[in-house]
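*Asks:* Take this structure, written in structure tokens, and hold onto it; I'll ask about it next.
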Amino acid sequence: MKKVVKFGGSSLASAGQMKKVADIIRSDEARRYVIPSAPGKRYSDDTKVTDLLYRCYDAAAAGEDITEKLQVIENRYQEIIDGLGLELSLKEEFELIQDYFMRQAGRDYAASRGEYLNGIIMANYLGYRFIDAAEVVRFDEKGNFDEEQTNEVLKQRLKNLENAVIPGFYGAMPDGSIKTFSRGGSDVTGSIVARAVRADVYENWTDVSGVMVTDPRIVENPEAIETITYRELRELSYMGASVMHEDAIFPVRREGIPINIRNTNRPEDKGTLIVESTCRQPKYIITGIAGKKDFCAINIEKEMMNAEIGFGRKVLQVFEENGISFEHTPSGIDTFTVIVHQSEFVEKEQSVISGLHRAVKPDSIDLESNLALIAIVGRGMKAAKGTAGRVFSALAHANVNIKMIDQGSSELNIIIGVRNEDFETAVRAIYDIFVTVQL
Ligand code: ASP
């Protein structure tokens, strides 16, 4: 059994957290390859080391003296080192960093030092080999991640290593300069290491006990999802559920490696298992609920629209020409609605309307803004009857008017549109009817 374990910033924010992490790793000898993030927030209005590094670098680039700013960062690490009782000194590392900052080695280099230094501490504390991600994670000369080359290099490098710490978030370009993934990118590093070593599971340790059925900012203490498929997760993430970095899914998914989201502060919780497919019955008919506000519906009416072949294509072409992607297109006999993100649409609104008049000569065009979309997702819905009925009656009881309904052909999701101001009430009502009443 081989596990790759990635720990997020809050799991590594202090010596106390690092000790928990080490206990977790030591409690299972399959946990052989460790991917740390940079130290995150210790309390809610704390600042992540990555952000401190960006600020410090920006100050250096503006020609300011950075001694004090860098000292704050060094102190954060020193506190961790002291708290763990290590003999380690990062003095020389920090001298080098200061030098590189003054020589403007790049923002990516600056940000990467957060995980690099944390990796050194972690490896020292665990007695594991430290591998600088710059040696094994490759980007091409254009700065695109080179997945195949990275996979080969990592495979070779880790082949005979019992265990190792590889810092997340960054790698190097062919000329050796440091390049990072986008924010939250340590998830990606964990995933590519899991692929390279053919891990049995990729454990992603964070500060929540898995993926929640819905947003905890809307429903207090929602249930965690036990098992979710990649497809379900994609539907939920697309509609705003934040779980992990999007690009972290592909490397492991392709290899059929499951991801287990776990909680460093509650290691006894099983967390959420993300899998390609499963015969495990979901606990509830629905797996999750997610949603977003601020969509706009463009309602186009034209008598005898149904007889006009190519009407839909012409409408969508106008959106394409204006560089706007559409979300949904509910339609009736003489009506055709296009739902788009308000923020993408607003600037081009008049150009789209005149384009539509030219393209399809509608009887009328009417715009409705401030709509929220809610996705109710679940592989269990396919077999169940009355799911949509329950959604509708829950919303009727909550006094929420439904503006739009759309069910994907896979029966994996039902999307409903409501007014922005009804969004939270609607999510709570749907959660209650499927989860609370079952508890
Ligand atoms: N430290 C980086 C960030 O804050 C990367 C990560 O934590 O995954 O975005």
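*Asks:* Ranking request for peptides 156-163, 173-180, 312-319: highest mean number of other beta-carbon atoms within 10 Å first, then the rest in descending order.
*Replies:* Ranked from most to least packed, the peptides come out as 312-319, 173-180, 156-163.
*Asks:* Express in % the proportion of alpha carbon pairs of the range 206-294 at distances exceeding 24 Å.
*Replies:* Value for the range 206-294 (Cα pairs over 24 Å): 15 percent.
*Asks:* What order, most packed first, do the peptides 7-15, 183-191 have when packing is the mean number of other Cβ atoms within 10 Å of each residue? Display every interim value, and only then the final one.
*Replies:* Numbers: 7-15: 23.4, 183-191: 25.7.
Order by mean packing, descending: 183-191, 7-15.
*Asks:* Could you give the length gained on full extension between Glu141 and Lys314, defined as 0.36 nm per residue of separation minus the Cα-Cα distance, in nm? Walk me through the numbers before you get to the answer.
*Replies:* Working: separation 173, 0.36 × 173 = 62.28 nm, distance 4.04 nm.
Extra length available between Glu141 and Lys314 comes to 58.2 nm.
*Asks:* With no solvent and one equal point scatterer per Cα, compute the Debye intensity ratio I(q)/I(0) for the range 376-437 at 0.14, 0.20, 0.28 Å⁻¹ and report its log10, rounded to two decimals.
*Replies:* -0.36, -0.74, -1.33
*Asks:* Who wins for biggest fluctuation among Ile261, Ile365, Ile402 in a Gaussian network model of the chain, springs between alpha carbons below 10 Å?
*Replies:* Of Ile261, Ile365, Ile402, the Gaussian network model singles out Ile365 as fluctuating most.
*Asks:* Something else: Could you point to the residue in Leu367, Val338, Ile309 farthest towards the positive end of the range 295-379's charge dipole, with +1 and -1 charges on the Cβ of Lys/Arg and Asp/Glu respectively?
*Replies:* Ile309
*Asks:* Beta carbons within 10 angstrom, averaged per residue: use that to sort the peptides 29-37, 147-155, 420-428, highest first.
*Replies:* 29-37, 420-428, 147-155
*Asks:* Follow-up. Please report, in Å, the Rg and the Dmax of the range 241-340, where both are computed over Cα atoms only.
*Replies:* So, for the range 241-340, Rg and Dmax equal 21.0, 62 Å respectively.
*Asks:* Placing unit charges on C-beta atoms (Lys and Arg positive, Asp and Glu negative, everything else neutral), compute the dipole magnitude of the chain about its Cα centre in debye, rounded to 20. Kindly include the intermediate steps, with their values, before the conclusion.
*Replies:* On the way: 53 positive and 66 negative charges, 273 e Å.
Taking the Cα centre of the chain as origin, the dipole is about 1300 debye.
*Asks:* Just need the relative contact order of the chain here, percent rounded to a whole number, with Cα pairs under 8 Å and 6+ apart.
*Replies:* Once normalised by length, the contact order is 13 percent.
*Asks:* What do you get for Rg/Rh over the chain if you use C-alpha atoms and the Kirkwood form of Rh?
*Replies:* 1.03
*Asks:* Still on this model: Along the positive direction of the dipole of the chain (beta-carbon charges: Lys, Arg +1; Asp, Glu -1; about the Cα centre), which of Thr436, Ser177, Thr50 reaches farthest?
*Replies:* Going by the charge dipole, the pick is Thr436.
*Asks:* How much mean residue ellipticity at 222 nm does the chain get from its helices, if each DSSP H run of length 4 or more adds -39500 (n - 2.57) and you divide by all residues, to the nearest 500 deg cm²/dmol?
*Replies:* On the way: 15 runs with 167 residues, N = 439.
It comes out at -11500 deg cm²/dmol, rounded to the nearest 500.
*Asks:* Assigning unit charges at the beta carbon (Lys, Arg +1; Asp, Glu -1) and nothing else, what dipole magnitude in debye, to the nearest 20, does the range 179-242 show about its Cα centre? Write down the numbers at each step before the final one.
*Replies:* Details: 7 positive and 10 negative charges, 104 e Å.
Taking the Cα centre of the range 179-242 as origin, the dipole is about 500 debye.
*Asks:* Expressed as a fraction of 2.2 N^0.38 Å, the rule-of-thumb size for a compact globular protein of N residues, what is the C-alpha radius of gyration of the range 117-254?
*Replies:* That ratio works out to 1.15.
*Asks:* While we're on this one: How large a share of the accessible area of the range 176-215, in percent, is made up of carbon and sulfur atoms when the probe is 1.4 Å and the other protein chains stay in place?
*Replies:* Roughly 46 percent of what the probe reaches on the range 176-215 is carbon or sulfur.
*Asks:* Determine Rg/Rh for the range 304-379; Rg is computed over alpha-carbon atoms and Rh is the Kirkwood hydrodynamic estimate from the same atoms.
*Replies:* Over the Cα atoms of the range 304-379, Rg/Rh equals 0.98.
*Asks:* Would you mind listing how long the range 1-146 runs along its three principal axes, going by Cα atoms, in whole Å with the largest first?
*Replies:* Here the spans come out as 50, 37, 30 Å, largest first.
*Asks:* If you don't mind, there's one more thing I want to ask. With θ taken as phi - 60° and the coefficients 6.51, -1.76 and 1.60, list the Karplus ³J(HN,Hα) couplings across the range 272-278 in order, rounded to whole Hz; mark glycine and proline as x.
*Replies:* Whole-Hz 3J(HN,Hα) from phi for the range 272-278: 10, 9, 9, 10, 5, 8, 7.
*Asks:* Across the range 282-429, how large is the tail of the calculated P(r) beyond 21 Å, expressed as a percent of all Cα pairs?
*Replies:* Roughly 49 percent, once rounded to a whole number.
*Asks:* Angle check, please: helix 107-126 long axis (alpha carbons) against the longest principal axis of the chain (alpha carbons), in degrees 0 to 90, nearest 10.
*Replies:* Tilt relative to the chain: about 60 degrees.
*Asks:* Once R0 is set to 25 Å, what does the formula 1/(1 + (r/R0)^6) return for the Cβ-Cβ distance between Asp366 and Val437, expressed as a FRET efficiency to the nearest 0.05?
*Replies:* Values: r = 38 Å, r/R0 = 1.52.
It comes to 0.10.
The values are calculated or read from the model by the stated rules, or taken from the named source; none is laboratory data. In this text, all values refer to a predicted model and were calculated from it rather than measured experimentally. Glycine also receives a Cβ, built like all others from the backbone with ideal geometry; neighbour counts cover every protein chain displayed. Accessible surface areas use protein heavy atoms only, side chains included; no ligands, DNA or RNA. Shrake-Rupley method; radii C 1.70, N 1.55, O 1.52, S 1.80 Å.
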